[in-house]
1. Share of region 71-213's accessible area from carbon and sulfur, percent, 1.4 Å?
2. At 1.4 Å probe size, with every protein chain present, just tell me what the per residue accessible area of region 260-508 comes to in Å².
3. Per residue, how much accessible surface does region 7-257 expose to a 1.4 Å probe? Answer in Å², no decimals.
4. What residue among Gln397, Val323, Gly269 has its Cα farthest toward the positive end of the dipole of region 260-508, where the charges are +1 on Lys, Arg and -1 on Asp, Glu, each on the Cβ?
5. Going by average Cβ density within 10 Å per residue, which order do the peptides 374-380, 157-163 take, highest to lowest?
6. Tally up the carbon and sulfur contribution to the accessible surface of region 260-508 as a whole percent, 1.4 Å probe, everything protein left in place.
7. For a quick check of your reading of the filter: which chymotrypsin sites (Phe, Trp or Tyr not before Pro) in region 31-140 sit in a DSSP loop and have no more than 13 other Cβ atoms within 10 Å?
8. So what are the three principal axis dimensions of region 260-508 from its Cα atoms, in whole Å, longest to shortest?
Amino acid sequence: MDRPDVFVGSIDQGTTSTRFLIFSEAGKLVVSHQVEFTQIYPNPGWHEQEPLEIVSSVETCIEEAVTKLEAQWLSRSDIKAIGITNQRETTIVWDSDTGEPLYNAIVWTDTRSQDIVDRLKQKPGASRLQQICGLPLSTYSSSTKLLWMLENVPQVREAYERGTLAFGTVDAWLVYRLNGGPKIKNVFVSDPTNASRTMFMNLKTLKYDDYLLDFFGIKGKIHLPKLVRSSDTKAYGTLAHGALAGTPITGCLGDQSAALVGQKGFSPGMAKNTYGTGCFLLYNVGDTPVVSSHGLLATVAYHFDGKPVYALEGSIAVGGSGVKFLQNNLEFFKEPAEVNDLALTVDNNGGCVFVTAFSGLFAPYWIDDARGTIFGITQYTQKGHLARAILEATCFQTKVILDAMEKDSGHSLAELAVDGGMSNSDLAMQIQADLISIPVYRPQMRETTALGAAIAAGLAAGVWRNFTELREINRGSGSGATVFEPRPGRREESAQAFALWEKAVAMSRGWVGDHRHHRGAGEPNPAASDHFRVDMPLDLGGLVGGQHRVTTATATGAATATATSTSKAVGEVWPLQVTLISTSADLEDADEEDLYLELRRVEVLQRLRKVRKAKIGIV
């Protein structure tokens, strides 16, 4: 007699859309429904969402997916459990008495709290934070978003003073509302993969840390969710309303941890990269946290039965959203998938490098004052070159993160598992394999984030008993996976392209704020050049205002020239860094790029001479 159908539902609440997916016991995607919701950008660098719309988008997706399931003559009663995966760091506050939100959700990409970050970095004890919670101070985590609301939103401050201010990431908010809020069950919990992104949780104990709460000034003053395991039979409650009312929620994982679980990255040394709105690489380091010394984040991979499992993470702010930028802002194409075809209209990037630092650069650079910049544009540049440069930007940043992970872990990966929308691009995945010189594994069913949440829920509900039963799901022979192998003879070409990328990163710095790189104590600066540094205004040809400092380091010493303009046209210094070759370099063996850079160096010197002749003054 055949075993009856068994299904697990998965709520996938992402940055720009929400989905509900239903998986079979064999890990096959049966049905799904997706809803996009409103993105709010009140000011440059600000990104908000409406909390109640997030909840309603989940409820809509559940109703529609169940309708699709029953259209296939399958029963909703066979859905044994529901898992949740969600965008992390996005911060929501509400009144604990009424359950109503007090402000829009501040999204993880939002950078409005930069001034708060700068102040906190000067506070005694700031250097201890990363050792406790795994994260450096930045606009990325939930903590500074909460502090911004306390300082700037009267309703939030009033609730704080009344003692009714509740704080949570998206997982806590969804569980709270889906259980009916304060009037029904008042289920207020969060799992360690999400709590580890707040800077309030001790990474080793998986409990709120008094030192951290005191540092941010919120100890005992704000309602925080109870911390529970990522997979639990009772902690997350049940759906209070709708087509699946009464169905238990038994699993919860932050989106990137869910993707690692969905890729079955259960053993130390396994890694995945999700090419979503942002781009996130997680590397399983086992049951002991590793605090990076190379600009990465330490985080919780998952906590099922037994000991928690930890990961190193590299976070790239702009992945698929860079493709969206070409689609919506520049109107290069109508659908994101078309970026691949557009990029294939050219053989290479035509010399263009696109540093997609729309809100700064994340790991391992952590350059908050960088902004999106395109280098190498000429009259030859076409749309296809920019499309290819957008794809390459994510691949370059992935290589930087993998290099840092190799240094922290002491050994390199044998394979990179990938998922997310941009992984659908064969071109991007081949570029990635060529850059990192290891195979890139892409499963046929790439909804691995949602699958990970389903696995967390299914393990608690008894749909699967152990990791062994999951081994062949979405990865066995005949699964339709694609493996992109590094192409022979491309290593030197890839190395040259990567060197140009590093140069472009250095030049993207200093566009906002006081033009200093806001890096925490002890954080490395991979973008800084060891050889040649040029600080100059944006328009070198005009030499308008500011101070221009040129330093050339050679094997025999250093030569420095500084030009100070007395022009009042510009009142600020715009520091940029580029790497050039020295005048003492031997040009006999120089390639085209070296010769071109030498010519550019000569141009710099010629223009500095013009400044002297104009009696602006050279110091």
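The values are calculated or read from the model by the stated rules, or taken from the named source; none is laboratory data. Nothing here was measured: the structure is a model prediction, and the numbers come from that model. Note that we place each Cβ from the backbone using ideal geometry, even for glycine, and neighbour counts take in every protein chain shown. Heavy atoms of the whole protein, side chains included, go into the accessibility calculation; ligands, DNA and RNA do not. Shrake-Rupley method; radii C 1.70, N 1.55, O 1.52, S 1.80 Å.
1. 48
2. 36
3. 36
4. So the residue furthest toward the plus end is Gly269.
5. 157-163, 374-380
6. Whole-percent figure for carbon plus sulfur exposure: 49.
7. Trp73
8. Rounded to whole Å, the extents work out to 61, 39, 36 Å.
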